[in-house]
Amino acid sequence: MVSLLKSLVFVSALALLVPVTATAQMQTRAYAPENLRTLSRNDQIRVISLEYSEQSRGRNIPDDQLRFYLDQVNRSNWTFSQIKNDIARSLTGNGGVGPGPGPGPGTQTIRCESTGNRPNTCRTPWQGQSRLVRQLPNSGCERGRGWDSRNGEVWVNHGCRGEFARFVSNYSVTCSSHGSRPTTCAWDRNQGMPYLQQRLSNSACTEGRTWGYNARQGLWVSGGCRARFGVR
């Protein structure tokens, strides 16, 4: 009888323990809301640091990278998913792609015309992509057939005549030199030339010395430079 009672007590305790353990595991996995601004600063630091540690297998997040993420949360409304994705990209060495602040829209335009339905290519005074801002009368400007843009160029065809302006891109890449080693990061050259948008490291980021870009090598950093690069 005593043995039976002990068995019943053990089974009852186990039944109570299982849902508690499962609940605890769920809470461990879902440790951050998507909107991190609902958390206190200390909790923001905790969840960002924990996410970095989990993705990097126990490493501590660099102080300058943590400060950058806190600024993005509280000034640019970055979500937890954006931070997770940026951490993943920075740890692979391919750079992080995030929204980042873009340059203000410009007012400069150029006119490019296809005369006699013949193709025509027009150079732009800006690097990167362009957008059609005004289609001239009696012209068909369908993107991909009547016009398109490349890095620093607009081409038109099939009678398209229009005015084009710089396409303002929010494209950016975070590139990090870990242990002062040279690192190459993926950069979409169709976006245009990169510029140093924000230095994230204590080490200097000097163009031509600790960072640079060319079409063959891509975007590179060295000497401990860690920075976010945007489109010129």
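The values are calculated or read from the model by the stated rules, or taken from the named source; none is laboratory data. Predicted model only: the values in this text are computed from it and were never measured. Glycine gets a Cβ as well: all are built from the backbone with ideal geometry, and neighbour counts include every protein chain shown.
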Every residue in segment 122-175 that is in contact with a strand residue (DSSP E or B) (Cβ under 9 Å, 6 or more places away or on another chain) and among the acidic types (Asp, Glu), please. ASP148, GLU153, GLU163
Looking only at segment 201-221, count how many residues are surrounded by 15 or more Cβ atoms within 10 Å (Cβ to Cβ) and not in a strand (DSSP E or B). 4
Out of all the residues in segment 164-175, is one or more assigned to a strand (DSSP E or B) and without any contact (Cβ under 8 Å) to a residue 12 or more places away in the chain? no
Anything in segment 144-200 that is surrounded by fewer than 20 Cβ atoms within 10 Å (Cβ to Cβ), of a type outside the set (Val, Ile, Thr) and touching a Pro at 6+ places or on another chain (Cβ under 9 Å)? List them, or say none. GLY152, TRP155, ASN157, HIS158, ALA165, SER169, ASN170, GLN197, GLN198
Give the residue, chosen from ARG216, ARG199, that is out of contact with any Leu (no Cβ under 6 Å at 6 or more places or on another chain), free of Cβ contacts under 8 Å to residues at least 12 places away in the same chain and among the basic types (Lys, Arg). ARG216
In segment 73-130, residues that are within 14 Å of the chain's Cα centre (by Cα), at pLDDT below 75 and either on the phi > 0 side of the Ramachandran plot or surrounded by 14 or more Cβ atoms within 10 Å (Cβ to Cβ) (or both) total 13
I'd like the full set of residues that are among the charged types (D, E, K, R) and either at pLDDT below 85 or under 19 Å from ALA88 (Cβ atoms) (or both), limited to segment 25-45. ARG29, GLU34
